[in-house]
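Below: one structure, written as structure tokens.
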Amino acid sequence: IYGYHDTPYFGSGTFANTQTYAYKALNPDNKGGHFGASSSLTTTAAKPINGLCTPCHDPHGVSPSLGANQAYAVPLLKGTWVTSPYKQDAAPASKTEARGGGKKRSAMNVGSTPGYRIDQNSMGVASGAPRANWTFPGTPTTLQPRTEAEFAGLCIGCHAKADLNNTAAPATSNWKTMQRVHNTVKGWATASGGNANNKVHAFTCSKCHTPHNARLPRLLVTNCLDVKHRGRAASGGSMTGPASQSGSRGAGVGRFPQGGGGDGSSPLSTAGIWFFGKATQSTSITTNSQTLCHQSATAGGSTYSQDGQLWNTKSPW
């Protein structure tokens, strides 16, 4: 039994996501996983897999010791796991969407509608709801509701939470570290920073990882903030430094992944409810953009860098 992110027999073959999105087919190779790592781990797993199914699967059924969480341990798992409730991430389809504009300024064709799927554009947002009914950083109607006991039991049985996650305050120096990245897991967030107490990200393990094998290292299934693929290109996508536009009825910032914003007569209605522009119509787009972790001017460094927007060091290709 294999899933969407696996190849048949977990070996060489065609990954389904390379057929869903053609640009992903240009990185088609099996990077391995629990049946052969692409590189050594920086932490020590509690027990090895050794190419077997039984370290994770129990052929006899689901253990009653899991109690109320038995429902999250099928098919025949020795711990809990929840399939990703998010649609698949993809690079932005366009990089020339109109942003800004108004009486005094022309719109700039610099924008992208992000292709990532997070709680803010996946959970509790009514289909077709106008952007005016939803602000960021605000609290969406619901966050991903499952707890680590329900979705992470299988993972932390081998990979201790203490190794994967830390409580250090978010800082530029730990921006792309494994410990900082895992602060996005539901129940694992720090009490400070942009994701304090999971107010923005509340991911399951399956949001970023698949359990068997993958076309990205570390069993990763996403590299959604890799600007090289903006426009769903194999490579060469880019975003320059902030391109600003101001005026009485228009404003915009061209930094990835947002790609610009606006107000007044600007095309907010066509940007989509997941478009991270102004928090309110009266808030400065520049000020608001500083609250968005990945497109702040100092994300990943002291000055703007498109590589600084990346969220990890393993999945870029």
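The values are calculated or read from the model by the stated rules, or taken from the named source; none is laboratory data. All figures in this text were calculated on a predicted structure; none of them were measured in a lab. Glycine gets a Cβ as well: all are built from the backbone with ideal geometry, and neighbour counts include every protein chain shown. Just the protein is used for accessible areas: all its heavy atoms, side chains included, with ligands, DNA and RNA removed. Shrake-Rupley method; radii C 1.70, N 1.55, O 1.52, S 1.80 Å.
Across the stretch 61-76, what is the number of residues that are of a type in the set (A, V, I, L, M) and either in contact with a helix residue (DSSP H, G or I) (Cβ under 6 Å, 6 or more places away or on another chain) or open to solvent by 90 Å² or more (accessible area, probe 1.4 Å) (or both)? So that I can check it myself, show each step before the final result.
Looking only at the stretch 61-76, we keep the residues that are of a type in the set (A, V, I, L, M), and these are 62, 66, 68, 71, 73-74, 76.
Cutting the leftovers down to either in contact with a helix residue (DSSP H, G or I) (Cβ under 6 Å, 6 or more places away or on another chain) or open to solvent by 90 Å² or more (accessible area, probe 1.4 Å) (or both) gives us 62, 68, 73.
Residues flagged as of a type in the set (A, V, I, L, M) and either in contact with a helix residue (DSSP H, G or I) (Cβ under 6 Å, 6 or more places away or on another chain) or open to solvent by 90 Å² or more (accessible area, probe 1.4 Å) (or both) within the stretch 61-76 amount to 3.
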Checklist entry - Restricting the stretch 1-15 to residues that are among the hydrophobic types (A, V, I, L, M, F, W, C) and surrounded by 15 or more Cβ atoms within 10 Å (Cβ to Cβ), which is modelled with the lowest pLDDT? => result 10
Checklist entry - Failed condition for residue 215, given (1) touching a helix residue (DSSP H, G or I) at 6+ places or on another chain (Cβ under 6 Å); (2) open to solvent by less than 40 Å² (accessible area, probe 1.4 Å); (3) within 27 Å of residue 8 (Cβ to Cβ); (4) not β-branched (Val, Ile, Thr), with all others met? => result (1)
Checklist entry - Quick one: what pairs do we get from the stretch 299-317, first residue of a type in the set (Ser, Thr, Tyr) and modelled with pLDDT of 70 or more, second part of a loop (DSSP other than H, G, I, E, B) and open to solvent by 50 Å² or more (accessible area, probe 1.4 Å), C-beta under 7 Å, 6+ apart or different chains? => result 313/176
Checklist outcome for this item: Scanning the stretch 21-60 residue by residue, those polar (S, T, N, Q) and open to solvent by 80 Å² or more (accessible area, probe 1.4 Å) turn out to be 40, 42, 44, 50
Item to check | the stretch 138-178, residues that are part of a helix (DSSP H, G or I), buried (at least 16 other Cβ atoms within 10 Å of the Cβ) and either of a type outside the set (Gly, Ala, Ser) or within 17 Å of the chain's Cα centre (by Cα) (or both) | outcome: 148, 150, 151, 154, 155, 156, 163, 164, 178
Checklist entry - Does residue 209 satisfy being open to solvent by less than 50 Å² (accessible area, probe 1.4 Å) and modelled with pLDDT of 85 or more? => result no
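Conditions (1) more than 13 Å from residue 210 (Cα to Cα); (2) in a loop (DSSP other than H, G, I, E, B); (3) in contact (Cβ under 8 Å) with a residue 60 or more places away in the chain, marked per residue:
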position	(1), (2), (3)
3	no, yes, yes
13	yes, yes, no
18	yes, no, yes
23	yes, no, yes
28	yes, yes, yes
39	yes, yes, yes
45	yes, yes, yes
Next on the checklist: Suppose the filter is in a loop (DSSP other than H, G, I, E, B), modelled with pLDDT under 90 and under 14 Å from residue 109 (Cα atoms); does residue 250 pass it?
Outcome noted: yes
Next on the checklist: Can you find a residue that is among the polar types (S, T, N, Q) and free of Cβ contacts under 8 Å to residues at least 40 places away in the same chain anywhere in the stretch 68-81?
Outcome noted: yes
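Which residue, of 189, 202, 196, is within 17 Å of the chain's Cα centre (by Cα), at pLDDT below 90 and more than 28 Å from residue 25 (Cα to Cα)? First the steps, then the outcome.
Values: 189 fails: at pLDDT below 90; 202 fails: at pLDDT below 90.
After applying the criteria, what remains is 196.
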